[in-house]
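Step one of this worksheet: look at the structure below.
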Amino acid sequence: MVLICFTSFAFGTELYIPAIQAESGKTAEVPLMIDNVDNLAGVKIVMKYDAGLLTYKGAVKTEKTTSLMHIVNDKKPGILIIVMAGPRGIKGQKFSILNLSFETAKDLKKQVKTKFNITEVQLMSDQLKDVKHTIKANPLSISPAK
C-alpha cells in the first residue's frame, strides 16, 4: 500500500477574514486578521460587500495597531477603502489589524452566507517595501433572529 500525501505550506504574510456568524438585525464584528507579519507600517485594502445584507457602522483599531493611524472611506455603500500607516512597522502572529462593524439585514427568514471580496491589498514595510502576502476571505453567515 502506497500513501501519497500532498500538503501545502503557507509561507509569508496572510491577510484574512475568519468565518463569522451573526444574527439578523444585529451587529456583526468582522476582524481583518493578519498572520506572520514582521514589519507592517502601511496598509491599503479595498473591500466589497453586499450592501443589501450589511450596513457599515465603523472600524476600531486593535491593541497591536494603536501606533498606526487609519482612515476608512465608506462613501459608496458596498465598498470600503481602508488605509493605515505609521512611522514604525508592527509584527506578530494571528492578530486583528482592524475590527469592522456591520449591521445585518433585519427579518431574514433563512440563513444567508455573504462573502467579502477583497479586490485590492497593498502592505508596506517602514522601509517602503512591499510585504508579500496572500489573501483569504471567509463568508459571514447570517441566521434569522431568534
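Every number in this text was worked out from the coordinates using simple rules, so none of it is lab data. For clarity, every value in this text was computed on a predicted model and none was experimentally measured. When we count neighbours, we look across all protein chains shown, and the Cβ atoms used for this are built from the backbone with ideal geometry, even at glycine.
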**OP:** Hey, can you grab everything whose amide H is under 5 Å from the amide H of F116? Only 5+ residues off in sequence or another chain; H modelled, so Pro and N-termini drop out.
**Re:** L140
**OP:** Could you sort out which of K75/K113; K91/K129; K26/K109; K44/K75; K44/K76 sit more than 22 Å apart by Cα distance in this structure?
**Re:** K75/K113
Original post:
Given H placed on each backbone N at 1.01 Å, which residues far from I79 in sequence or on other chains put an amide H within less than 5 Å of it?
Top reply: Y49
Original post:
Under a point spin-label approximation (7 Å from Cα along Cα-to-Cβ), what is the N36-K61 distance to one decimal in nm?
Top reply: 2.7 nm
Original post:
Which of the peptides 108-121, 21-34, 84-97 is most tightly packed, and how do the rest follow, judged by the mean count of other Cβ atoms within 10 Å per residue?
Top reply: 21-34, 84-97, 108-121
**OP:** Could you check the simple spin-label distance between S101 and K48, using points 7 Å along Cα→Cβ, in nm with one decimal?
**Re:** 2.7 nm
Subject >> Principal semi-axes in Å for the chain [√(5λ), Cα gyration tensor, largest first] >> reply: 28, 23, 12
Original post:
Quick one: if the Förster radius is 22 Å, what FRET efficiency do I81 and A145 give, using the C-beta to C-beta distance and rounding to 0.05?
Top reply: 0.10
**OP:** Would you kindly state how much longer the chain becomes between I71 and T27 on full extension, computed as 0.36 nm times their sequence separation minus their alpha carbon distance, in nm to one decimal?
**Re:** 13.8 nm
